[in-house]
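See below for the structure under consideration.
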Amino acid sequence: MTRTETAKPWAESRLPFLGTWRRGLAAPVLSRDAPYLGTLPVLITATLVFMTLSGLVLWVYYQPWHAYGSISFIERDVNSGWLIHGFHATGTTMIFGAVFLALFRALLLGEYRAPGELVWFLSLGQLILLMLVGYLGYLMTGGAVAFWSLAQGSGAAMALTGFPGAIGAWIFGGADGAATLGRFAVFHVALALALFGILALFFAARRALAVPGVPRNAVGFHPYYTAQYFAAFVIYALIFAVLVFFLPQLGENPLNQAAGSPLLLPVGLAPPWYLLAVGAIAHVGPGALGAIVAVLAGFAVLFALPWLDRSTPAAPTGGLYRLLIVVLALDVVALSLAAAAAPSTLADVLTGLFTLYYFLHFLVLTPAVTAWRAG
C-alpha cells in the first residue's frame, strides 16, 4: 500500500467532507461556457473579506472624538498604516465597481426575470447595504466634505417629525458630533457583517437556480474553472494594486482631504463616486422627506423590474432592449457627473433631466419594449 493510499483514507475517515469536496472539484457537472464575468460574486466576496480584515486594523486606532486626527495618525505613525488605509479605501472602489458591473450584466441578460427574482432582490439588498456601509465610512473620515454632509444630514433628520423624525433621531442620536461618529462606527461594522449574510443567501439562491442533471460537454470545477477564477483574480488584483499605489483617493472629493471645521464650508459637498447617482436623485426631491421618497422610489423601480418586464421568462433579451440598458448606464454616469459638478442652475437642470429619464426607462420604456417583443 502506497503512502498516498494510506493518507487519503486516514484524512477522509476523520473528516468525511474532504472526500466529497475532492470528488466534487473534479466531477464533470458544470457547463463549460460560463463567462469570466460569472466570477464577479466570488471576487466581491473576497474583497469584502479583505476589507473586513483591514477594517479591523483601522478599528484599533480609530477615535470618533478625533476622527480626522486618528486617520492622519494611522497614515503617518502606524507601521504600514498608509498601506492598510489605502487597501481599505481602494477596496471600497473595487467592490462597488464589481457590484455595479454585476448588476449591469444582470440587466443586460435579463437575469432578474423568473425564476431569478430572489437572486435579483438579494443583489439589490447587497447594493443597498454596501452603500450604507460606504456612506457611514465616508462620514467617519472627518474631512471637510464629510463634516458638512454629516451636519446637513443630522439637521435634516432633526427637522423631520413623526415616525421619520423618530428614526432619524435614533440613527443620528441628536445633533452631529463625536458621539454620532461613534454610533456610525458601530453601524458601519454591523452592516458590513450583515453583508456576509446577504452574500450567503445570494449564493444559496443562485445555486438553487442550477438546472438538475449533468449538462452536455460537462466539465469539473478543477481544473477548468479553477484556472478561470485564478486568471480573473490576477487581473482583479493587478487593478487593485495599481489603484492602491497610484490612485488611492480615486473618486473622492479632493476637498475632503482637509480637516472638517465649522468655520470652513466647502464649495461642493459631492459624495464619493459610488454615491453620486443616489445623491443626485435625492437632490431632486423637495426637502428632506422628498429626498428620502425620491431615493426609495429609485430603488423601488429596480425591485419592481421583474414585473415591469413584460417578456416571457425564457425569452432572450433583444437588441433594442440591450441598447436601452446601455443608454440607462450612460444616463446613470451622466447623472453622477452632474452631481459631482459645481453647484449651478445648469447642473440642477441636467440632474432633473437625467433623473426623469431614469424613471422613464423603468416605468415606460421597459414595459413598452418588452411587451412589444412578447407580442
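The values are calculated or read from the model by the stated rules, or taken from the named source; none is laboratory data. In this text, all values refer to a predicted model and were calculated from it rather than measured experimentally. Don't worry about glycine lacking a Cβ; one is built from the backbone with ideal geometry, like all the others, and counts go over all protein chains shown. All accessible areas refer to the heavy atoms of the entire protein, side chains included, with ligands and DNA or RNA removed. Shrake-Rupley method; radii C 1.70, N 1.55, O 1.52, S 1.80 Å.
A few remarks follow.
- Residue-span extension gain [Ala190 to Ala241] - 0.36 nm each, minus C-alpha spacing: 15.6 nm
- Relative contact order (%) - the chain, alpha-carbon pairs under 8 angstrom, separation at least six: 23
- Cα gyration tensor shape of region 143-276, rounded if a/c is under 1.5, else prolate or oblate by comparing a/b with b/c: oblate
- In order along region 202-207, the phi-based Karplus estimate (6.51 cos²θ - 1.76 cosθ + 1.60, θ = phi - 60°) of 3J(HN,Hα) comes to 4, 5, 5, 5, 5, 5 Hz; Gly and Pro are listed as x.
- Relative to the longest principal axis of the Cα atoms of the chain, the long axis of helix 345-360 lies at roughly 40 degrees.
- Two-site label geometry, Phe359 and Thr161: point separation in nm, points 7 Å out along Cα→Cβ: 2.5
- Distance between region 188-255 and region 35-49 - C-alpha centres, whole angstrom: 1
- Each listed q (0.12, 0.21, 0.22 Å⁻¹) maps to a log10 I(q)/I(0) for region 240-375 from the Debye sum over equal C-alpha point scatterers, namely -0.61, -1.23, -1.28.
- Solvent-accessible area, 1.4 Å probe, carbon plus sulfur percent, for the chain: 74
- Against the chain, whose longest principal axis comes from its Cα atoms, helix 287-303 is set at around 10 degrees.
- Debye intensity ratio in log₁₀ form over the Cα atoms of the chain, taken at each q of 0.06 Å⁻¹: -0.28
- Each residue of region 184-198 was assigned a 3J(HN,Hα) from its phi angle through the Karplus expression (A = 6.51, B = -1.76, C = 1.60, θ = phi - 60°), giving 5, 4, 5, 4, 4, 6, 4, 5, 5, 5, 5, 4, 5, x, 4 Hz with x at Gly and Pro.
- A dipole drawn for the chain from +1 and -1 charges on Cβ atoms has a positive end, and of Pro41, Ile84, Ala341 the residue lying farthest that way is Pro41.
- Convex hull of alpha carbon positions in region 94-203: directionally averaged projected area 8.3 nm².
- When the convex hull of its Cα atoms is projected in every direction, mean area for region 33-177 (nm²): 11.3
- Tilt relative to the chain, helix 3-14 - C-alpha long axis, 0 to 90 degrees, to 10: 60
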